[in-house]
Amino acid sequence: MKTLTPKQPASEQNEKRLQPTQPSNSKLKSRKTRKWLKFVEFGVVGCATWLNPNAGFLIFLLKLCFQILELLQDERER
């Protein structure tokens, strides 16, 4: 006996064709996010250093927090 498969709407077929291009889109988005994160890190660490240049350990912890944030974002993308 032959089973009939329902036809998919054109929008679903178009979505399936466009799916391979989406990873490049997400890569661009992650690059933008990474650049903004570096910019924010530079601003925050620079401002903290300007406010209190003697707080070396706290500035180190602040940089460490930004590195952890970056690693968590990389892990989320995978």
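The values are calculated or read from the model by the stated rules, or taken from the named source; none is laboratory data. Small disclaimer: the values here were computed from a predicted structure and weren't measured. Reconstructed Cβ throughout: ideal geometry from the backbone, glycine too, with neighbour counts over all protein chains shown.
Here's the yes/no breakdown for (1) over 21 Å from Lys29 (Cα atoms); (2) part of a helix (DSSP H, G or I); (3) among the hydroxyl-bearing types (Ser, Thr, Tyr); (4) free of Cβ contacts under 8 Å to residues at least 60 places away in the same chain:
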{"residue": "Phe39", "(1), (2), (3), (4)": "no, yes, no, yes"}
{"residue": "Gly46", "(1), (2), (3), (4)": "yes, yes, no, yes"}
{"residue": "Pro53", "(1), (2), (3), (4)": "yes, no, no, yes"}
{"residue": "Ile59", "(1), (2), (3), (4)": "yes, yes, no, yes"}
{"residue": "Asp74", "(1), (2), (3), (4)": "no, yes, no, yes"}
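Scanning the stretch 34-78 for residues that are loosely packed, with under 10 Cβ neighbours inside 10 Å and either acidic (Asp, Glu) or touching a strand residue (DSSP E or B) at 6+ places or on another chain (Cβ under 6 Å) (or both) gives a single hit, Glu75. Within the option set Leu28, Leu64, being modelled with pLDDT under 95 and aliphatic (A, V, I, L, M) holds for one residue only, Leu28.
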